[in-house]
């Protein structure tokens, strides 16, 4: 009898541990991080070139954030449906003390393979100028350099698939109409050491 009680208690403890772990992971994956406090007008000097008459999409990323792989896949889908309708810049955070190779990791290589995308690095000062603190933060400025969208292009941390952010940007690029101006952004802290 005693052995049976111990077995049942063990199963209950195991089930509770699994349940708590699952609840924690679900909460972590669906809890958005801090949204950017982006400037209302695009500071064009950060891009190193004068803007043309297309909207500009900026995607800020940590080069080692595991959540950002899904964001990069969603960016590829967005570009495939809106090619030639937007200037896309993927801006990877690179601390001053880190070598170039640190930033040019797997995510950098994925971004470089996307058509018509400019990939470069930004410093912590640049992140402060854009109020960005989360990897995956996406900003869209219209042709007059006015902010029209701020948020993420995934529906959860590291999750690919249909989402409000990508849909809103696509609708804006194809019709000029905004269905939403903000969505949650899911990702790691952009300045956190992910190594």
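Taking the stretch 46-81, which residues are modelled with pLDDT of 70 or more and under 16 Å from residue 147 (Cα atoms)?
46, 47, 52, 53, 54, 55, 56, 57, 58, 59, 60
Please work out which residue is farthest from residue 124 (Cα to Cα), limiting yourself to the stretch 84-106 and to residues that are within 20 Å of the chain's Cα centre (by Cα) and part of a helix (DSSP H, G or I).
Among those that are within 20 Å of the chain's Cα centre (by Cα) and part of a helix (DSSP H, G or I), it is 106.
Restricting the search to the stretch 146-164, which residues are in a helix (DSSP H, G or I) and touching a residue at least 40 places away in the same chain (Cβ under 8 Å)?
Hits for the stretch 146-164: nothing passes.
Within the stretch 59-73, which residues are surrounded by 19 or more Cβ atoms within 10 Å (Cβ to Cβ) and out of contact with any strand residue (DSSP E or B) (no Cβ under 8 Å at 6 or more places or on another chain)?
Of everything in the stretch 59-73, those that are surrounded by 19 or more Cβ atoms within 10 Å (Cβ to Cβ) and out of contact with any strand residue (DSSP E or B) (no Cβ under 8 Å at 6 or more places or on another chain) turn out to be 64, 65, 67, 70.
Has the stretch 173-184 got at least one residue that is surrounded by fewer than 18 Cβ atoms within 10 Å (Cβ to Cβ), at pLDDT below 90 and in a loop (DSSP other than H, G, I, E, B)?
No, the conditions are met nowhere in the stretch 173-184.
A quick yes/no check of all residues on (1) without any contact (Cβ under 8 Å) to a residue 60 or more places away in the chain; (2) surrounded by 15 or more Cβ atoms within 10 Å (Cβ to Cβ):
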residue	(1), (2)
75	no, yes
87	yes, yes
95	no, no
98	yes, no
101	yes, no
115	yes, no
126	no, yes
130	no, yes
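The values are calculated or read from the model by the stated rules, or taken from the named source; none is laboratory data. The structure presented is a predicted model; accordingly, all values stated were derived computationally and were not measured. Every residue, glycine among them, receives a Cβ derived from its backbone with ideal geometry; neighbour counts consider all protein chains shown.
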